[in-house]
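Asker: This structure is in structure tokens; I'll ask about it shortly.
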Amino acid sequence: MSEPLGGRLVAIDGAHGGDVSDAATALREALIHRQATTGTSHWDASGLFGDILAAPAHQRDLSPRTLVLLYAADLAFRVRWEIVPALHRSMIVVAAPYVTTAITFGLATGLSIEWLRTVFRFAPLPTRTVILREPKKARSWKRKPKRGFGECCATLLEPTPQGFPRKKTWAAMVNALSAADGEHGGQFRTRDLRLVAQEILTPRGRQAVQTSKRQRSR
Amino acid sequence: MSLKPKRSIIEQMIARRDKSRGLLIAFEGPEGSGKTTQRKLLKTWLASRDQSVVSARWASSPLVRPLIRVRKKIRALSPLEYSLLHAVDFRHRIETEILPALWAGQTVLADRYLFAALARDAARGLELDWLLQSYAPLLWPDLVLYFTMPPQVSSRRVAATRQPRFYESGQDVTGIDDPLISYRQFIDRVIGEYENLSAIFKFVTVNAEEAVYRQHQQVRTLVEQARKRPWTDYSAEAVSEWLRRDFTAYREGARV
């Protein structure tokens with residue numbers, strides 16, 4: 001991934017599209033509350049997945065690898081039209097979801113980490129990656145394909161000849177997200193996003209976040 | 001006791017199918033080099049010899065093609081998006097058209113394959129290493145026929161029949177308003193990249209300036225002499241990924 005430009009890029013990643021969108025809205029509001037100039041970049045800004053979902057069902061025979069490539073094409077669009085222009089204007093850009101969501105989905109479906117990392121090499125490196133925590137109770141993706149990347153993939157992969165192991169893949173993605181947590185630092189609940197906003201805007205904020213995390217872990 | 005590692009069921013299936021599978025032949029070269037003409041002539045000839053043949057045209061996936069076409073029309077694609085969308089189309093065709101046909105024993109004639117994308121996208125300034133990775137895992141063709149011609153001849157032949165389209169003429173990267181002038185500049189880069197690829201991947205070259213009949217004679221001879229590149233050595237990852245997904249082929253293969 002390339003280095004960020006003038007502004008700051010905050011990536012929000014998670015298994016559920018709804019959670020990711022909610023977190024992006026919460027973070028954006030927290031940043032606006034602190035008078036920061038922000039922009040957001042959401043999944044499927046290019047409309048590629050929407051177009052795929054509108055195609056006749058018998059044509060939608062896609063593999064996880066094809067879906068990851070499609071995500072990369074959508075992200076390339078978002079980087080060009082939403083993320084990079086906002087970073088050039090020194091804005092704080094909330095990208096929800098970003099690279100980690102696609103990489104962990106790819107890992108959960110058996111794609112290699114080397115391939116996934118290479119494909120997403122074009123994306124600017126985020127200043128901060130927030131990985132949303134999943135509740136302990138086992139969940140899975142609902143059949144609401146327009147809600148997010150995971151939901152869309154689960155819907156598109158379901159009619160394949162061998163079906164799609166929804167719960168198993170979801171659990172594998174959650175595990176991969178937890179592992180990714182170690183690389184980027186910081187797994188958050190939605191309510192912690194106010195602290196993230198603080199951290200992004202002030203150097204003192206970082207300490208506040210770390211203290212809060214420590215307290216919680218006790 | 002044998003020291004040979006035990007092969008998985010999928011590896012065994014791939015090795016067994018290699019004998020009966022079809023041949024994958026790629027037709028590569030710049031615009032106006034006569035690839036399509038030669039592909040059609042070869043198809044007719046092979047069909048006359050009772051061979052089951054299918055053609056695979058570039059960017060023709062019924063699912064992805066409309067997406068690309070709409071975005072091309074409004075000139076909305078950057079070189080990166082252009083490349084990634086074609087990678088989506090290519091992967092979709094590999095999994096739904098090319099591999100099922102090869103598995104069923106049909107010969108596949110690909111009118112432009114992976115190398116067209118590599119040459120064109122590299123000419124647009126993308127890294128060859130990244131491009132190869134984005135198209136991985138690769139399904140290697142058994143024979144790559146590269147129709148060579150100088151850039152001037154390609155420009156002349158294209159100009160004689162039609163005006164090149166926006167992306168075809170590389171106007172998105174040259175910034176030149178005149179499609180023909182842009183095409184002349186762009187095709188020079190594309191052919192340069194093709195020449196590099198030809199040296200790396202050892203294409204079989206056909207002189208596209210020769211008479212159509214002579215080229216066809218050469219193509220026939222080359223196809224008759226062509227040997228399969230063993231899937232187990234070259235394309236195992238691509239085939240096994242498809243087999244794991246496509247239960248029908250898996251089941252049929254298990255019966256073999």
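Asker: Tell me which residues, restricted to region A:76-91, are open to solvent by less than 10 Å² (accessible area, probe 1.4 Å) and more than 9 Å from chain B (Cβ to nearest Cβ).
Answerer: Kept after step one, since they are open to solvent by less than 10 Å² (accessible area, probe 1.4 Å), are these residues of region A:76-91: A:76, A:78, A:83, A:86-87.
Once the filter is applied, which keeps residues that are open to solvent by less than 10 Å² (accessible area, probe 1.4 Å) and more than 9 Å from chain B (Cβ to nearest Cβ), region A:76-91 yields A:Arg78, A:Ile83, A:Ala86, A:Leu87.
Asker: What residue, of B:Trp103, B:Trp58, is under 21 Å from B:Pro179 (Cβ atoms) and of a type in the set (Phe, Trp, Tyr)?
Answerer: B:Trp58
Asker: Taking region B:147-169 only, how many residues are within 19 Å of B:Thr205 (Cα to Cα) and in contact with a Gly (Cβ under 6 Å, 6 or more places away or on another chain)?
Answerer: Matching residues across region B:147-169 total 2.
Asker: Would you please name the residue that is farthest from A:Gly18 (Cα to Cα), looking only at residues in region A:116-140 that are open to solvent by less than 10 Å² (accessible area, probe 1.4 Å) and either of a type in the set (Phe, Trp, Tyr) or assigned to a helix (DSSP H, G or I) (or both)?
Answerer: Restricting to residues being open to solvent by less than 10 Å² (accessible area, probe 1.4 Å) and either of a type in the set (Phe, Trp, Tyr) or assigned to a helix (DSSP H, G or I) (or both), the top hit is A:Val119.
Asker: Taking A:Tyr98 as the residue in question, decide whether it is under 30 Å from A:Asp192 (Cβ atoms), more than 13 Å from every other protein chain (Cβ to nearest Cβ) and touching a residue at least 40 places away in the same chain (Cβ under 8 Å).
Answerer: The answer is yes for A:Tyr98.
Asker: Within region A:51-59, is even one residue charged (D, E, K, R), facing chain B (nearest Cβ under 9 Å), surrounded by fewer than 18 Cβ atoms within 10 Å (Cβ to Cβ) and closer than 25 Å to A:Thr169 by Cα? Outline the logic, then answer.
Answerer: The first filter runs over region A:51-59 and keeps only residues charged (D, E, K, R), leaving A:51.
Adding the requirement that they be facing chain B (nearest Cβ under 9 Å) leaves A:51.
In the following step, the residues that additionally are surrounded by fewer than 18 Cβ atoms within 10 Å (Cβ to Cβ) were identified as A:51.
With closer than 25 Å to A:Thr169 by Cα added as a condition, the list becomes A:51.
Yes, there is a match, as at least one residue in region A:51-59 is charged (D, E, K, R), facing chain B (nearest Cβ under 9 Å), surrounded by fewer than 18 Cβ atoms within 10 Å (Cβ to Cβ) and closer than 25 Å to A:Thr169 by Cα.
Asker: Find the residue count for region B:45-61, including only residues that are surrounded by 15 or more Cβ atoms within 10 Å (Cβ to Cβ), of a type outside the set (S, T, N, Q) and not in a helix (DSSP H, G or I).
Answerer: 6
Asker: Check every one of the helices (runs of 4 or more DSSP H) wholly within region A:1-81 and list those with 2 or more residues that are charged (D, E, K, R).
Answerer: Working: elements: A:17-33, A:48-54, A:64-78.
Ranges flagged: A:17-33, A:64-78.
Asker: Right, something else. Check region B:100-108 and report whether any residue there is open to solvent by 10 Å² or more (accessible area, probe 1.4 Å) and free of Cβ contacts under 8 Å to residues at least 40 places away in the same chain.
Answerer: No: zero hits.
Asker: Now for a separate question. Taking region B:137-173, which residues are under 25 Å from A:Arg121 (Cβ atoms) and without any contact (Cβ under 8 Å) to a residue 60 or more places away in the chain?
Answerer: B:Gly170
Asker: If a residue must be in a loop (DSSP other than H, G, I, E, B) and under 15 Å from the mean Cα position of the chain (by Cα), how many such residues does region B:3-32 contain?
Answerer: So the answer is 4.
Asker: Between a residue in region A:118-135 that is away from chain B (no Cβ under 13 Å) and closer than 13 Å to A:Ala24 by Cβ and any residue that is polar (S, T, N, Q) and open to solvent by 20 Å² or more (accessible area, probe 1.4 Å), which pairs come within a Cβ distance under 9 Å, given they are 6 or more apart or on different chains?
Answerer: Going by the 9 Å Cβ cut-off, the qualifying pairs are A:Val130/A:Gln187; A:Leu132/A:Gln187; A:Leu132/A:Thr190.
Asker: Same structure again: Inside region B:60-90, can you point out the residues that are basic (Lys, Arg) and over 13 Å from B:Tyr167 (Cβ atoms)?
Answerer: Passing the criteria: only B:Arg65.
Asker: Hey, any hits in region B:211-234 for a residue that's among the basic types (Lys, Arg), assigned to a helix (DSSP H, G or I) and modelled with pLDDT of 90 or more? Working first, answer last.
Answerer: Just the residues of region B:211-234 that are among the basic types (Lys, Arg), to begin with: B:214, B:220, B:227-229.
When the remaining residues are screened for being assigned to a helix (DSSP H, G or I), the result is B:214, B:220.
Right, trim to modelled with pLDDT of 90 or more and you get B:214, B:220.
Taking every residue of region B:211-234 in turn, at least one turns out to be among the basic types (Lys, Arg), assigned to a helix (DSSP H, G or I) and modelled with pLDDT of 90 or more.
Asker: Please list, ordered by first then second residue, the pairs with beta carbon atoms under 6 Å, 6 or more apart or interchain, first in region A:62-81 and under 13 Å from A:Ile52 (Cα atoms), second hydroxyl-bearing (Ser, Thr, Tyr).
Answerer: A:Asp74/A:Ser46
Asker: So in region B:184-210, with the set limited to residues that are of a type in the set (Val, Ile, Thr) and not in a helix (DSSP H, G or I), which one is farthest from B:Asp129 (Cα to Cα)?
Answerer: Out of the qualifying residues, it is B:Val206.
Asker: Please work out which residue is nearest to the other protein chains (Cβ to nearest Cβ), limiting yourself to region B:62-81 and to residues that are in contact (Cβ under 8 Å) with a residue 40 or more places away in the chain and surrounded by fewer than 18 Cβ atoms within 10 Å (Cβ to Cβ).
Answerer: By that ranking, first place goes to B:Ser78.
Asker: Something else: Which residue, of B:Leu42, B:Leu84, is away from every other protein chain (no Cβ under 14 Å) and either surrounded by fewer than 21 Cβ atoms within 10 Å (Cβ to Cβ) or out of contact with any Phe, Trp or Tyr (no Cβ under 7 Å at 6 or more places or on another chain) (or both)?
Answerer: B:Leu42 is the lone residue from the list that is away from every other protein chain (no Cβ under 14 Å) and either surrounded by fewer than 21 Cβ atoms within 10 Å (Cβ to Cβ) or out of contact with any Phe, Trp or Tyr (no Cβ under 7 Å at 6 or more places or on another chain) (or both).
Asker: At least 1 residues that are within 14 Å of chain A (Cβ to nearest Cβ) and of a type in the set (A, V, I, L, M) in each: list the helices (runs of 4 or more DSSP H) lying fully within region B:91-183 that qualify.
Answerer: Hits in region B:91-183: B:99-103, B:114-123, B:128-134.
Asker: Give the residue that is most open to solvent (accessible area, probe 1.4 Å), with candidates limited to residues of region A:9-22 that are of a type in the set (D, E, K, R) and either without any contact (Cβ under 8 Å) to a residue 60 or more places away in the chain or over 16 Å from A:Val99 (Cβ atoms) (or both).
Answerer: Out of the qualifying residues, it is A:Asp22.
The values are calculated or read from the model by the stated rules, or taken from the named source; none is laboratory data. What you are looking at is a predicted structure, and each value in this text was computed from that prediction instead of being measured. Positions of Cβ are generated from backbone atoms using ideal geometry, with glycine treated the same way; all protein chains shown enter the neighbour counts. In case anyone asks, the SASA skips ligands and DNA or RNA and just uses the protein heavy atoms, side chains included. Shrake-Rupley method; radii C 1.70, N 1.55, O 1.52, S 1.80 Å.
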